[in-house]
Amino acid sequence: MEIKILEKDVNHIRFLIKGVETPIVNALRRIMIAEVPTMAIEDVVIIENSSPMKDETLAHRLGLIPLKTDLDSYILPAICSCQSDLGCNKCSVTFTLDAETTDSPRTVYSKELKSDDLEIVPYSGDIPLLKLASGQKVRLEAYAKLGRGTTHAKWQPVSACTYRHSPTVRIDIEKCDLCEKCIKSCTKQILKKENKKIVLVNSDICDLCEECIKSCPTEGIQINKQVYIFKIESVGSLTPERIVIEAVKILNTKLDTIISQVSSFKKEKTV
Amino acid sequence: MMIPIRCFSCGALISNKWEKFARRVKNGEIPKKVLDELDVRRYCCRRMILSNVDIVEEVLKYHEEAQKRRQNR
């Protein structure tokens, strides 16, 4: 297996994977969407709310805020020894919001949420949460917990997470007899004849329909299907690299459980 | 009522870009250009911002008026 990073910035990553089958790449994709844990606000205790926004709408908005997550110092509430509703300091972070305005209307932003843990803060401080008219007040306590995308999409670490086959059409010069049948058959017109050679132009738009392979009478065209371009866009809670690493770890533990269960089944049968 | 925190379809964070967008478009810039510069790439996220109307502004007027009357009483 070979991995090459094509593009990378704070929240995006695009890389090439060579030499693996589709099921593995797809398993990675599905784990990234549904099983890599992140932190999100789960319980909200509203002490006072005189704003025009309803309590439940506000709580829902709070839940959707992406929080910068520290996976090493927190554990999932399901495996935490406390087993309490609002969690302990191993499995939850408390946020408080205390906002009021006396003379003019104003917007309350996510940066006004005060966190217990300075590492766990909203990814962006400029998220408008609610608006207050003069004399109105909001006071609340919110509890953030680790969770998985399977439970609720607010715990999803990625927004766009896709892969596609990389178009790697190879033309064998020795076998090619320049009949130009492949050029005519290509639906995207990415094949061209240049200097007595068939060459690829603008190969990015190739959708791997394989019409060129079917049309070639001399088997001079090959497509390598085991090359994928993976594109991941993080919501901001984890870095895209971390998401991939966590996904691989989860896939590994899943495979380990399969191996151990199958081997125990074998033993039972022999007994 | 207010701009949703995340995109309905893909889940990307969009609400932190709304105020910049609204301000710039109000000053006469072309929405397409502003969205491109704010790095809103997919059409699902673009429609979230493009089609949003902040109705709280209307609701707030009533709350403001009520507060004024309360003070004058």
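The values are calculated or read from the model by the stated rules, or taken from the named source; none is laboratory data. Since we're looking at a predicted model, the values are computed, not measured. All Cβ positions, glycine included, derive from the backbone under ideal geometry; neighbour counts span all protein chains shown. Side chains are part of the model used for accessible areas, which takes the heavy atoms of the whole protein and leaves out ligands, DNA and RNA. Shrake-Rupley method; radii C 1.70, N 1.55, O 1.52, S 1.80 Å.
At a glance:
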quantity	calculated
Between helix A:55-64 and chain A: long-axis angle, C-alpha atoms, 0 to 90°, nearest 10	40 degrees
Spatially proximal lysines relative to A:Lys197 (Cα-Cα < 26 Å; intrachain offsets below 8 disregarded)	A:Lys175, A:Lys181, A:Lys184, A:Lys188, A:Lys214, A:Lys225
Test item: Cα-centred dipole of segment A:38-154, Lys/Arg +1 and Asp/Glu -1 on Cβ, debye	300 debye
Across A:Lys68/A:Lys154; A:Lys4/A:Lys196; A:Lys68/B:Lys17; A:Lys18/A:Lys68; A:Lys68/B:Lys20, pairs whose alpha-carbon gap is larger than 21 Å	A:Lys4/A:Lys196; A:Lys18/A:Lys68; A:Lys68/B:Lys20
Theoretical ellipticity at 222 nm over chain B - DSSP helices of four or more residues, -39500 (n - 2.57) apiece, nearest 500	-18000 deg cm²/dmol
Loss of accessible area when A meets B, both sides summed, Å² nearest 100, probe 1.4 Å	2300 Å²
Span from the segment B:42-73 Cα centroid across to the segment A:129-178 one, whole angstrom	29 Å
Projected-area mean, chain B, by convex hull of Cα positions, square nanometres	5.8 nm²
Residue of A:Asn11, A:Asn49, A:Asn202 that the Gaussian network model of chain A assigns the largest fluctuation, springs spanning Cα pairs under 10 Å	A:Asn202
The protein assembly as shown shape via C-alpha gyration tensor axes, a/c threshold 1.5	oblate
Per residue solvent-accessible surface (Å²) - the protein assembly as shown, probe of 1.4 Å	57 Å²
Value of relative contact order over segment A:1-91, rounded to a whole percent, pairs C-alpha under 8 Å and six or more apart	18 percent
With DNA, RNA and ligands ignored, accessible area of A:Asp116 (1.4 Å probe; Å², nearest 10)	120 Å²
Of A:Val227, A:Val138, A:Val199, the one that fluctuates the most in a GNM where chain A has Cα springs shorter than 10 Å	A:Val199
Solvent-accessible surface ranking, highest first, for B:Arg47, A:Arg170, A:Arg242 at 1.4 angstrom	A:Arg170, B:Arg47, A:Arg242
³J(HN,Hα) computed for each position of segment B:19-32 - Karplus, 6.51 cos²θ - 1.76 cosθ + 1.60, integer Hz, glycine/proline x	5, 4, 4, 4, 5, 5, 5, 4, 7, x, 7, 7, x, 4
